[in-house]
Amino acid sequence: MPVATHKAVINATIEQVMAVITDFESYPSFLPEMEEAKILKSEEGCWEVEFRIQIIRRLSYTLRLVREGPGLLTWVLIDGAFQTNKGSWSLESTEDGTSAVYQIDLQIGHFVPSSIVRSLVGRTLPETVSRFKIETERRTGTSSPS
């Protein structure tokens, strides 16, 4: 599958958005497909996190996530259900808040027809970014301009 990207403007600061993105263990509270997110290892700006999701079937995987600056978080697959899972959150200040760009390169390790993968990513990616936007704005008490 080619790299997929989705963008949203979030009515919050870069720091507030990044605080939600790096609060991995809270993901199950606002991402319905996420059953568990457990931090296995944490160092300054670097985490190894095990995720368990339910999409078509239950999948587990572990990512190494690195904060590479105030507005950039990248990740790579360490272990799990995918051949490839790498991507990033890239955040930039705008006059309306923060422009958040989510990018992912995902290759499923088991045989799944590419049409199903495209459908899942096409539907799931915008929903996921929207849920991060809603959660950040809920935590900060803001809402996006109409």
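Which condition number does Arg67 fail, the rest of (1) surrounded by fewer than 16 Cβ atoms within 10 Å (Cβ to Cβ); (2) in contact with a strand residue (DSSP E or B) (Cβ under 8 Å, 6 or more places away or on another chain) being met? Every listed condition holds for Arg67 apart from (1).
On the given criteria, is Val20 open to solvent by 40 Å² or more (accessible area, probe 1.4 Å), modelled with pLDDT of 95 or more and of a type outside the set (Gly, Ala, Ser)? Taking the combined requirement at face value, the residue does not satisfy it. Going by the structure shown, is Val121 surrounded by 14 or more Cβ atoms within 10 Å (Cβ to Cβ), β-branched (Val, Ile, Thr), farther than 23 Å from Asn11 by Cα and at pLDDT below 95? Judged against the criteria, Val121 is a match. Residues that are touching a helix residue (DSSP H, G or I) at 6+ places or on another chain (Cβ under 9 Å) and either surrounded by 15 or more Cβ atoms within 10 Å (Cβ to Cβ) or more than 16 Å from Val76 (Cα to Cα) (or both) within the stretch 39-51 comprise Trp47, Val49, Phe51, listed in sequence order. When Val9 is tested against (1) within 16 Å of Thr128 (Cα to Cα); (2) more than 13 Å from the chain's Cα centre (by Cα); (3) not in a strand (DSSP E or B), only condition (3) is not met.
The values are calculated or read from the model by the stated rules, or taken from the named source; none is laboratory data. It should be emphasised that the depicted structure is a prediction, and the values quoted were computed from it without experimental measurement. All Cβ positions, even for glycine, are placed from backbone atoms using ideal geometry, and neighbour counts span all protein chains on display. Only protein heavy atoms, including side chains, enter the accessible area calculation; ligands, DNA and RNA are left aside. Shrake-Rupley method; radii C 1.70, N 1.55, O 1.52, S 1.80 Å.
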